[in-house]
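Accompanying notes for the structure given below.
The values are calculated or read from the model by the stated rules, or taken from the named source; none is laboratory data. Predicted, not measured: the structure shown is a model, and the values here were computed from it. Don't worry about glycine lacking a Cβ; one is built from the backbone with ideal geometry, like all the others, and counts go over all protein chains shown.
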Amino acid sequence: MIPFKLHRICTLMTPEVGNEMEVEGVLNPAVARGPDGELYIFPRLVGKNNYSRIGIGRVKFNDDGEPFEVERLGIALEPKADYERRPDGGGGCEDPRIAYVQAVEHYIMTYTAYGPHGPRIAMARSKDLFTWERMGLVCFALYKPLDFNNVDDKDASFFPINLPSPHNHNSIAMLHRPLFPDSIPEQTVKLDEDRDIDKHKESIWISYFNLKEGKNTSLENAKFTSHHCLAHPVYPWEKLKIGGGAPPVLTKHGWLLIYHGVKKHDECTKDAPKYTYSAGVMILSEKEPQKILYRSTEPILTPELDAETIGTVGDVVFPTGTDRRDDIGKPNRIDVYYGMADDRIGVAKMIIPDELPEN
């Protein structure tokens, strides 16, 4: 039995017939419990020509406590800022993640702003999940020869509580995935199986914003530093690349991180490259999140259903949201919301094991 294995509940959301904002898919949602205790979902809505908005909906549960459908409530963010729009009229607010960050007393949404310079990490904040205020692009301090400000970046999420940086500064920590040149699956899938893995290029990173005592805490104009390469591809199921998934959730074992890994599809050839996105799990140290205590050697969810293997981009399961089920008295149950073939949204559940497995 695979530890932390995900068990599918349902296909939760599909494109709404006749809705022009969803003609190319609904996918990769954030989820968050509101001040009212309800679970809200923030799907990426893809219109014609890959023009993406971030919607908002309410997840509905049946009498057994299982999620089964979404009540659409409108739009949370759509491309308006310069860094979200491209000169050709395109643009995007894509793939959100949301965490309530205690230090700033706001929900913080990190999302991919697809603007004139390519995909970059942007932030917005809210007190109630309904009204969002943009905070601009995330800024980074220089890391040796690497300048994250001038590199495409995605899959960012915040830890909800303050954590010590590697230099023991009280900090807000953020996971992210820089897309360095020659590190995206469309390129790496064409390389030989025994290629060297560049630990800088094909990895999940963690960066920190150092908090100042005695001053108002804000992420506006914050500069992230103390960059650390958290993890790079190791196992066959993630050989092409790995990237962050849903925001970290604190469990009895440490921080649970559901992430994605990419491998070559069994039918991949150099003339017809194909790849597969699966989900895996890491447990990070509660007080030192740059330390990995456990990592799944096998994926906990792989594309199997038609809705996961056939779509805008086939053979993709892409986790982006988690809900710890305290609402039904089951804190060891984690529901995971994920994109299916870049076209629709599924939900699956796991039970946190009593003991942390050995790698």
> What is the residue count in the range 42-72 for residues that are more than 20 Å from residue 7 (Cβ to Cβ), without any contact (Cβ under 8 Å) to a residue 24 or more places away in the chain and not basic (Lys, Arg)?
Replying inline: 1
>> Please pick out the residue among 203, 207 that is in contact with a Cys (Cβ under 9 Å, 6 or more places away or on another chain) and either closer than 30 Å to residue 330 by Cα or among the hydroxyl-bearing types (Ser, Thr, Tyr) (or both).
In response: 203
>> Let me confirm something: among 114, 83, 107, which residue is touching a strand residue (DSSP E or B) at 6+ places or on another chain (Cβ under 6 Å), among the hydroxyl-bearing types (Ser, Thr, Tyr) and under 15 Å from residue 31 (Cβ atoms)?
In response: 107
>> Just to verify a result, which residue in the range 310-325, among those that are surrounded by fewer than 24 Cβ atoms within 10 Å (Cβ to Cβ) and among the hydrophobic types (A, V, I, L, M, F, W, C), is farthest from the chain's Cα centre (by Cα)?
In response: 310
> Taking the stated definitions as given, is residue 34 farther than 14 Å from residue 344 by Cα, in contact with a strand residue (DSSP E or B) (Cβ under 7 Å, 6 or more places away or on another chain), surrounded by fewer than 17 Cβ atoms within 10 Å (Cβ to Cβ) and free of Cβ contacts under 8 Å to residues at least 24 places away in the same chain?
Replying inline: no
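Restricting to the range 9-35, and then to whatever is among the charged types (D, E, K, R) and under 21 Å from the mean Cα position of the chain (by Cα), can you tell me which residue is farthest from residue 323 (Cα to Cα)?
Step one: filter the range 9-35 for residues among the charged types (D, E, K, R), giving 16, 20, 22, 24, 33.
With under 21 Å from the mean Cα position of the chain (by Cα) added as a condition, the list becomes 22, 24, 33.
Working: 22: 24, 24: 26, 33: 8 Å.
That would be 24.
Quick one: count up the residues across the range 274-291 that are under 22 Å from residue 321 (Cβ atoms) and assigned to a strand (DSSP E or B). Don't jump to the end; show me each part of the working.
Our first condition is that a residue be under 22 Å from residue 321 (Cβ atoms); within the range 274-291, this holds for 276-284, 286, 289.
Now narrow it down to the ones that are assigned to a strand (DSSP E or B): 276-284.
Selection size over the range 274-291: 9.
Please go through the range 67-110 and pick out each residue that is among the hydroxyl-bearing types (Ser, Thr, Tyr) and either surrounded by 19 or more Cβ atoms within 10 Å (Cβ to Cβ) or in contact with an Asp or Glu (Cβ under 8 Å, 6 or more places away or on another chain) (or both).
Taking the range 67-110 first, the residues among the hydroxyl-bearing types (Ser, Thr, Tyr) are 83, 100, 107, 110.
Those that are among the hydroxyl-bearing types (Ser, Thr, Tyr) and either surrounded by 19 or more Cβ atoms within 10 Å (Cβ to Cβ) or in contact with an Asp or Glu (Cβ under 8 Å, 6 or more places away or on another chain) (or both): 100, 107, 110.
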>> Could you check the range 326-359 and list, in sequence order, the residues that are closer than 21 Å to residue 292 by Cα and either under 16 Å from the mean Cα position of the chain (by Cα) or among the aliphatic types (A, V, I, L, M) (or both)?
In response: 334, 336, 350, 351, 352, 356
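Hey, which of the strands (runs of 3 or more DSSP E) in the range 1-75, taking only ones fully inside, have at least 3 residues that are at pLDDT 95 or above and either over 13 Å from residue 338 (Cα atoms) or aromatic (Phe, Trp, Tyr) (or both)? Talk me through it step by step, then tell me what you get.
On the way: elements: 7-13, 26-33, 39-47, 51-61.
Here the list reads 39-47, 51-61.
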> If you scan the range 120-152, which residues turn out to be closer than 22 Å to residue 46 by Cβ and at pLDDT below 95?
Replying inline: 152
